[in-house]
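Peer 1: Submitted below is the structure of interest, expressed as structure tokens.
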Amino acid sequence: IPGTHRNCPSWLHRAAHTTQTIPMSPRDEATISLIDAVEGPAAGGLPVVPSPMTTTERAMCNGEVWPAECNVPEYGSVVNGVLFFKRLPSREAVVKDFSEVLLAHLRFRSLARDDGSWHPTSVDPRYHFVDEPAEADVAGVRRRIEELIAVDLDHSYPLWRVHLIPIQQAGELSALVLRMHHCIGDGSSIAAVFNGIARDADGKPAGDTPLMQRLANELARRQQACGLAKACRSVAMGADAVKSFLSNASMPYRPLETDTAFTKPREERRRGTKFGGARHVVYVPPFSLAYVKACKNAARVSVNDVVFSAACGAVRRYCERRGDPAVSSGRRLRMRALIPIANPNPSGRSPEDQVTNNFAFISARMAVSQTDPLERVRRTNAEMSRIKHSTKALVSLWQTNRLVNCISKRARQKVARDLFSNHSLIFSNVPGPDIPVYIAGEQLEQVQAIFPNYLTQVILMSYNGRVHMNFVVDKNLIEDADSLADCYIAELRAIGEALGVPAEPLACSEAISSTAAPNQASGVAAYNLACSSGAPTPEAPRIATKELACSSVGFSADAPSQVEATPEALGAATQDLACSSADASADAPKVAREAPVAEEQQHAVPPRLEEVAEAGQAGGPQAGGPHDEAR
């Protein structure tokens with residue numbers, strides 16, 4: 001395949017670089033013909049029709065993931081990637097570049113059928129690329145994004161669409177919104193597609209950057225080592241797999257979580273949570289990846305441990321602000337998060353048919369009972385280490401993508417409803433390019449992945465030394481939802497202060513200065529006020545934008561979401577490119593309390609991706625994405 005990197009077998013490169021110019025159809029100059037673009041046998045016998053949908057994909061396509069009484073709309077299965085620019089790319093450049101990359105993948109040029117099959121068709125750019133009216137300010141752009149993510153996609157067309165939203169206010173960021181149905185692919189697939197669209201300053205795909213190549217090569221190495229590791233530990237793994245199977249299978253039937261201001265009442269959850277209505281997006285101000293790494297090194301944990309621990313602390317702080325008696329009572333709180341994981345390497349498929357879904361969830365306890373930020377970090381690290389050293393990730397992938405075929409639709413729906421009703425949020429962490437990239441000729445400033453899920457969805461993404469994050473919440477449930485952004489930054493700042501990190505998370509500089517930055521407790525409020533009023537302020541960093549990824553999914557470089565399972569667990573990296581790593585950095589001082597050392601010594605674990613990614617950073621100024629450590 002022209003443009004394919006044969007020296008790197010990674011799904012990342014195969015999916016990102018299998019691109020070709022799609023000719024215009026002689027039948028209609030305004031229509032890009034996919035059928036004419038597919039060369040079939042002349043291109044090496046590649047299939048013209050995508051592989052049939054899996055059971056899970058078919059359920060998402062037909063709106064049958066949840067019982068009908070849950071009232072989940074179809075847009076609850078649509079992934080939204082939002083790219084922000086100082087200057088919005090021209091429509092012509094967007095149509096050309098997106099068509100070349102997206103239409104190189106079969107599912108982007110096929111109709112999704114109710115029976116789970118795909119029907120190749122032609123793609124009409126007049127439908128798939130939409131020029132939105134210009135918005136007056138940032139608040140208007142955000143309102144329009146929330147309106148768009150609450151709209152179903154039309155099944156009479158391939159299930160994706162691109163919206164261009166200009167802004168009138170000088171100096172603020174315009175937006176490009178890529179909407180894609182989850183039945184096409186998960187977060188890791190979307191991230192691979194993004195890396196084909198994004199280019200570096202030399203015009204090379206983002207997947208060719210040193211960081212992304214290191215991540216891709218390390219994932220491939222781990223998958224190749226997986227068979228040997230499993231053979232060497234087959235007996236021990238077998239016993240642990242049985243334990244993991246029973247643990248995963250029991251998740252929907254465990255005791256309900258504590259009643260808090262962050263969750264629906266237990267009585268409603270016992271009957272089965274209903275979709276509450278339109279979602280509200282809470283944008284966390286972009287924060288420094290260097291700051292997170294400094295905290296990680298000081299605590300001797302992973303980046304994922306730090307950002308997930310901060311999310312747990314943000315939930316506690318929010319409940320305290322709301323005067324929640326469950327928190328003020330001091331009793332132990334039971335709260336859990338679902339973390340997406342994935343095996344992003346569909347074997348035996350053509351490069352044109354690599355976009356797919358192969359994900360599952362693992363359940364992680366949230367450290368919300370603790371009042372001390374360091375104790376919360378320690379508990380989070382212990383929980384992630386426990387999961388990483390088990391076969392939970394591998395078994396969950398098998399249960400979700402294989403065993404699911406053996407049970408009835410009604411049983412699958414009940415399990416999905418009960419599982420989600422038994423958790424407080426979904427946490428994803430997705431890695432992105434560690435250098436500035438260009439989309440359709442314009443430099444990308446910020447990125448957000450937005451998913452209006454059944455539960456509160458939290459997605460972090462790294463890009464160019466910054467971490468971009470949002471909470472997607474039910475605004476009828478979470479009152480004063482925008483305060484969650486303030487709570488998150490406050491918790492992140494408290495972690496750094498407790499560890500003696502002399503820096504400020506909202507500082508724009510990549511370097512960690514030797515002197516502590518002044519307290520900017522009002523920074524988040526100023527940021528949100530500026531965005532709502534449209535008035536720029538010096539303390540209000542612009543909306544962050546990161547790589548498009550994220551299916552119900554996904555994580556960032558050390559994301560607790562995608563637990564970096566041991567080699568036996570497929571190095572289950574990334575659901576959406578979301579793969580967490582619960583490993584600690586080997587050369588940093590340890591957190592003030594001891595993590596489970598004995599368990600670490602019993603299981604030899606290959607080097608973390610973060611170690612691979614950081615190994616080459618000494619000679620360059622660029623910091624790796626939070627995700628480089630996540631794997």
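Peer 1: Among the residues of segment 274-305, write down those that are in contact with a strand residue (DSSP E or B) (Cβ under 7 Å, 6 or more places away or on another chain) and closer than 29 Å to Ser421 by Cβ.
Peer 2: Gly276, Gly277, Arg279, His280, Val281, Val282, Tyr283, Val284, Asn304 - these are the residues of segment 274-305 that are in contact with a strand residue (DSSP E or B) (Cβ under 7 Å, 6 or more places away or on another chain) and closer than 29 Å to Ser421 by Cβ.
Peer 1: From Arg378, Arg417, Arg412, grab the single residue that is over 29 Å from Ile190 (Cβ atoms) and of a type outside the set (Gly, Ala, Ser).
Peer 2: Among Arg378, Arg417, Arg412, only Arg378 is over 29 Å from Ile190 (Cβ atoms) and of a type outside the set (Gly, Ala, Ser).
Peer 1: Within segment 483-502, take every residue that is outside any helix (DSSP H, G or I) and surrounded by fewer than 22 Cβ atoms within 10 Å (Cβ to Cβ) and give me the one that is modelled with the highest pLDDT.
Peer 2: Once the filter is applied, the top-ranked residue is Gly500.
Peer 1: Looking only at segment 94-131, filter to residues that are of a type in the set (Lys, Arg) and under 25 Å from the mean Cα position of the chain (by Cα); which one of those is surrounded by the most Cβ atoms within 10 Å (Cβ to Cβ)?
Peer 2: Among those residues, the one meeting the criterion is Arg107.
Peer 1: Of the residues Asn476, Asn401, which single one is assigned by TED's automatic domain parsing to the domain that holds Arg334, in contact with a helix residue (DSSP H, G or I) (Cβ under 8 Å, 6 or more places away or on another chain) and surrounded by fewer than 23 Cβ atoms within 10 Å (Cβ to Cβ)?
Peer 2: None of the others qualify; the one that does is Asn401.
Peer 1: Let me ask something else about it. Given (1) at pLDDT below 90; (2) in contact with a helix residue (DSSP H, G or I) (Cβ under 6 Å, 6 or more places away or on another chain); (3) over 28 Å from Pro265 (Cβ atoms); (4) not hydrophobic (A, V, I, L, M, F, W, C), identify the lone condition not met by Pro373.
Peer 2: Of the numbered conditions (1) at pLDDT below 90; (2) in contact with a helix residue (DSSP H, G or I) (Cβ under 6 Å, 6 or more places away or on another chain); (3) over 28 Å from Pro265 (Cβ atoms); (4) not hydrophobic (A, V, I, L, M, F, W, C), the odd one out for Pro373 is (1).
Peer 1: Would you confirm whether or not segment 181-192 contains a residue that is of a type in the set (Val, Ile, Thr) and surrounded by fewer than 23 Cβ atoms within 10 Å (Cβ to Cβ)?
Peer 2: Within segment 181-192 (the criterion being of a type in the set (Val, Ile, Thr) and surrounded by fewer than 23 Cβ atoms within 10 Å (Cβ to Cβ)), the answer is no, since none of the residues qualifies.
Peer 1: Next question, about the same structure. Assigned to a helix (DSSP H, G or I), at pLDDT 95 or above and under 21 Å from Arg107 (Cβ atoms): does that describe Tyr127?
Peer 2: When the stated conditions are applied, Tyr127 passes them.
Peer 1: Those residues that are acidic (Asp, Glu) and buried (at least 21 other Cβ atoms within 10 Å of the Cβ), I need them from segment 132-163; list them, please.
Peer 2: Glu135
Peer 1: Residue pairs, Cβ under 8 Å, 6 or more apart or interchain, first in segment 281-299 and closer than 17 Å to Val377 by Cβ, second surrounded by 24 or more Cβ atoms within 10 Å (Cβ to Cβ) and acidic (Asp, Glu). List them.
Peer 2: Lys293/Glu629; Lys296/Asp305; Lys296/Asp558; Lys296/Glu629; Ala299/Asp305
Peer 1: Say whether the condition of being β-branched (Val, Ile, Thr), over 27 Å from Asn62 (Cβ atoms) and touching a residue at least 24 places away in the same chain (Cβ under 8 Å) is met by at least one residue in segment 109-122.
Peer 2: no
Peer 1: Pick out the one residue from Ala494, Ala416, Ala382 that is in contact (Cβ under 8 Å) with a residue 40 or more places away in the chain, out of contact with any helix residue (DSSP H, G or I) (no Cβ under 7 Å at 6 or more places or on another chain) and under 22 Å from Leu333 (Cβ atoms).
Peer 2: After ruling out the rest, the residue left standing is Ala382.
Peer 1: Same structure again: Which condition number in (1) modelled with pLDDT of 85 or more; (2) among the hydrophobic types (A, V, I, L, M, F, W, C); (3) surrounded by fewer than 24 Cβ atoms within 10 Å (Cβ to Cβ) is the one that Ala360 fails?
Peer 2: Unmet condition: (3).
Peer 1: Does Ser77 fit the bill of being among the polar types (S, T, N, Q) and either surrounded by fewer than 22 Cβ atoms within 10 Å (Cβ to Cβ) or more than 20 Å from Ser189 (Cα to Cα) (or both)?
Peer 2: No; evaluated as a whole, the condition is false for this residue.
Peer 1: What are the residue pairs meeting all of these: first residue in segment 147-159, first residue polar (S, T, N, Q), second residue surrounded by fewer than 16 Cβ atoms within 10 Å (Cβ to Cβ), Cβ atoms under 9 Å, and 6 or more apart or on different chains?
Peer 2: Between residues of segment 147-159 that are polar (S, T, N, Q) and residues that are surrounded by fewer than 16 Cβ atoms within 10 Å (Cβ to Cβ), the close pairs are Ser156/Leu111.
The values are calculated or read from the model by the stated rules, or taken from the named source; none is laboratory data. All of these numbers come straight from a predicted model, not from anything done at the bench. All Cβ positions, glycine included, derive from the backbone under ideal geometry; neighbour counts span all protein chains shown.
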